[in-house]
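*Asks:* Right, I'll just put the structure down here and ask away after.
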Amino acid sequence: MKIHRFIIPSVEFGPRILITDREITHQIARVLNLTAGESVILSNGTGRSAQGTIKSISSDEIVVSAELACMDAAAAQRTVMLYVSILKRDNFELVVQKAAELGVHTLVPIISERTVKTGLNVGRLKVIAREASELSGQSMLMNILEPLQLAEAITTEGAPCRFFLNAGASISLFEQLSKSKGTIALAVGPEGGWTKSETQEARAAGWTETSLALTTLRGETAAIAGAYLATQT
């Protein structure tokens with residue numbers, strides 16, 4: 001039987017765990033209709049989790065008798081920072097969902113010259129990411145930053161390997177990832193692609209221009225495929 005997982009950043013681990021977050025209590029009690037005696041897994045969003053048994057339940061608070069909390073093994077093979085030019089709402093939400101499922105550490109929405117949409121509901125995106133992480137059995141919560149201009153985004157530090165996806169580039173992303181170690185930063189452009197000046201700017205900032213496929217991919221396809229390769233290779 002499936003044991004439901006819930007990521008609660010504010011959770012305090014111990015023999016008795018009290019859940020008062022209204023969104024979580026509503027989901028457990030009203031949406032999933034869980035009852036006393038059923039098992040759940042509670043995570044804090046940073047890799048620590050504990051399995052326990054619901055002792056009492058209401059729409060206001062839930063009491064869980066839990067086992068000793070422990071650190072989970074990371075799902076992703078490496079730490080990945082995914083920089084994605086903002087796409088249309090449904091497409092961008094799909095990218096957020098799949099990136100969270102794959103174990104991307106940080107997602108950064110970026111505004112490029114050809115970005116059509118610039119407004120984002122970051123709060124909604126965080127909910128989508130949390131639910132995706134829970135459903136995929138992870139205890140890590142993907143970070144989602146506020147949108148950045150491309151010029152600011154490409155100056156990121158802490159990622160020794162930085163790849164700038166560009167259709168037609170002669171260097172293969174797959175080949176580069178297979179020999180890369182440490183944190184990976186991956187930038188994916190808008191539907192219209194990067195401009196020449198943006199590509200030159202990224203190169204000057206130390207990013208390696210790479211290709212993902214022989215065909216031209218939609219923005220959301222490139223972001224999801226790139227995230228898969230980066231986290232699993």
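*Asks:* Kindly indicate whether Ile17 is β-branched (Val, Ile, Thr), part of a strand (DSSP E or B), surrounded by 17 or more Cβ atoms within 10 Å (Cβ to Cβ) and touching an Asp or Glu at 6+ places or on another chain (Cβ under 7 Å).
*Replies:* no
*Asks:* Can you name every residue in segment 33-45 that is assigned to a strand (DSSP E or B), within 24 Å of the chain's Cα centre (by Cα) and on the phi < 0 side of the Ramachandran plot?
*Replies:* Result: Val40, Ile41, Leu42, Ser43.
*Asks:* Oh, and also: Residues to consider are Arg30, Arg5; find the one that is in contact with a helix residue (DSSP H, G or I) (Cβ under 7 Å, 6 or more places away or on another chain) and either outside the structural domain of His105 (by TED's automatic domain parsing) or outside any loop (DSSP other than H, G, I, E, B) (or both).
*Replies:* Numbers: Arg30 fails: in contact with a helix residue (DSSP H, G or I) (Cβ under 7 Å, 6 or more places away or on another chain).
Of Arg30, Arg5, the one residue that is in contact with a helix residue (DSSP H, G or I) (Cβ under 7 Å, 6 or more places away or on another chain) and either outside the structural domain of His105 (by TED's automatic domain parsing) or outside any loop (DSSP other than H, G, I, E, B) (or both) is Arg5.
*Asks:* Right, another one. Return the residue satisfying two criteria in turn: it lies in segment 187-206 and is among the hydroxyl-bearing types (Ser, Thr, Tyr) and within 14 Å of Gln149 (Cβ to Cβ), and of such residues it is farthest from the chain's Cα centre (by Cα).
*Replies:* The selected residue is Ser197.
*Asks:* Here is a further query. Quick one: which of Ser65, Ser112 is in the same structural domain as Glu146 (by TED's automatic domain parsing) and either over 24 Å from Thr231 (Cα atoms) or hydrophobic (A, V, I, L, M, F, W, C) (or both)?
*Replies:* Ser112
*Asks:* I've got another one for you. Looking only at residues that are of a type in the set (A, V, I, L, M) and without any contact (Cβ under 8 Å) to a residue 24 or more places away in the chain in segment 26-53, which one is surrounded by the most Cβ atoms within 10 Å (Cβ to Cβ)? Full working, then the answer.
*Replies:* Initially, segment 26-53 is screened for residues of a type in the set (A, V, I, L, M), giving 28-29, 31-32, 34, 36, 40-42, 50.
In the following step, the residues that additionally are without any contact (Cβ under 8 Å) to a residue 24 or more places away in the chain were identified as 31, 36.
Working: Val31: 8, Ala36: 11.
Only one residue tops the list, namely Ala36.
*Asks:* Given Val108, Val64, which one is surrounded by 18 or more Cβ atoms within 10 Å (Cβ to Cβ) and more than 22 Å from the chain's Cα centre (by Cα)?
*Replies:* Val64
*Asks:* Restricting attention to segment 126-179, which residues are more than 22 Å from Ala225 (Cβ to Cβ), outside any helix (DSSP H, G or I) and among the β-branched types (Val, Ile, Thr)?
*Replies:* Thr155
The values are calculated or read from the model by the stated rules, or taken from the named source; none is laboratory data. Being a predicted model, the structure only gives us computed values, none of them experimental. Note that we place each Cβ from the backbone using ideal geometry, even for glycine, and neighbour counts take in every protein chain shown.
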